[in-house]
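J.: This is the structure I have questions about; it appears just below.
Read the figures in this text as sums done on the coordinates, not as results from a lab. Predicted model, so just to flag it, every value in this text is computed and none were measured. Methodologically, a virtual Cβ is constructed for each residue, glycine included, from the backbone with ideal geometry; neighbour enumeration extends over all protein chains shown.
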Amino acid sequence: MINFRFHLISLVAVFLALGVGVAAGASFVDRATVESLQGRVEDLDGAFRERGVELGLTQEQLAESDRSAAALAGERSFALEGQLIGQPVVLVVSDGVPAELLSALRTSLASAGVDDPVLVRLLPAIDLNDSATLDRLVASIPLRSDQPDPPALRTALVELLALALAELSGPPPEVPVPVDDPATPATTSEFSELDSLRAVDRSSALSVLGRLEELGLISVEAASGITSEAFNGDSGVRYVEVISSTDDVDSELVMVPLAEAMAAAAPATLTVAEASGTRPVGGIVTTTTSPGVAVSEPLTQLRSSPSVERLSTVDGVDDPFGRIAVVYSVALQRRVGGVGAFGTGPGSVGPFPSVPAS
């Protein structure tokens, strides 16, 4: 007869054996899995450390590239030396363009031989977005209408400025003019009374600048003031218009029409340079590795308009190679009246032009 106590002890022994076996097997598999995972982690850690060393070397190479590029566009640059000796240059900018950008551009121009370029700054009032500015203009200019149409008046004022700057540009080299070239813009008929302010010679052009400054629409920064000496030069004044995303003036409504009107009145005297703003703060991306920059709507508009045959454009002026392109663009206009679209963005023909020997 089977003893129940013996039977119970047998069952307990069986289950205990199974538990010990499962525990032992689980411990063995666990150790194997852990050892495998540890091996993989160690391999990944080693690869990560190797990539870190390679990344550090790459960053240092890019930083060195940045330093070399900055030197090429900086003080006493052999790449810029002598390119624009004796060439007067006027910077046309909107209020809001970063001061550091203007300083860097001035440095590049100085390395090329430009002494203290004149700065014509368009002020936010020229947008004509507030009634106080309109009232002041109506009171200051003999307009027939007490309630003028702001867009039409803005167009007229921008054309006045463009024609004055074109008049001051002086005699440029002979420039081939396309058969379908647009005529010199005329002041909007609605404001034909502004014709009395239009520039017909250098003296009246200077007067236009002074009048627009008095009206608070522009400011002119020049060592000699708004004088003929500030805009003097045997080869004619050249203009560099700077556009940036921080402009306080509407680029599409003011800066683009200004460029188009200047190009129509004085071809091959203007380079429109845009700050791309693609470099991150503290970033290491350089023009030697960047696949290209984004081009804003204003620059795209100029590159796709008939004005493309009468002015030059440069994207990425906030990078050293962009500033070199600006200097070479002005030199190309000065020597042979050539124009083109330069930079790395859409519509450009190359990073910068090849400048013929003087």
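J.: What order do you get for 320-327, 137-144, 44-51, 83-90 when each peptide is scored by the mean count of other beta carbon atoms within 10 Å, highest first?
T.: Per-residue Cβ counts within 10 Å, averaged per peptide and sorted highest first, yield 320-327, 83-90, 137-144, 44-51.
J.: Using a Förster distance of 22 angstrom, determine the FRET efficiency expected from the C-beta separation of Arg211 and Gln147, and round it to 0.05.
T.: Efficiency for this residue pair is about 0.50.
J.: Also, I was wondering about something else. On full extension of the chain, what length is gained from Ser204 through Glu252, given 0.36 nm per residue of separation minus the C-alpha to C-alpha distance?
T.: Result: 14.5 nm gained on full extension.
J.: Sorting Tyr328, Tyr239 on the 10 Å Cβ count, fewest up front, what's the list?
T.: Tyr328, Tyr239
J.: Mind checking the full-extension length gain between Asp95 and Arg76? Use 0.36 nm per residue of separation minus the Cα-Cα distance, one decimal, nm.
T.: Working it through step by step, the gained length comes to 3.9 nm.
J.: Show me 305-318, 111-124, 198-211 ranked by packing, highest mean number of other Cβ atoms within 10 Å first.
T.: Peptide ranking by packing, descending: 305-318, 111-124, 198-211.
J.: With each label point set 7 Å from Cα along the Cα-Cβ vector, what nm distance links Val53 and Gln38?
T.: 2.5 nm
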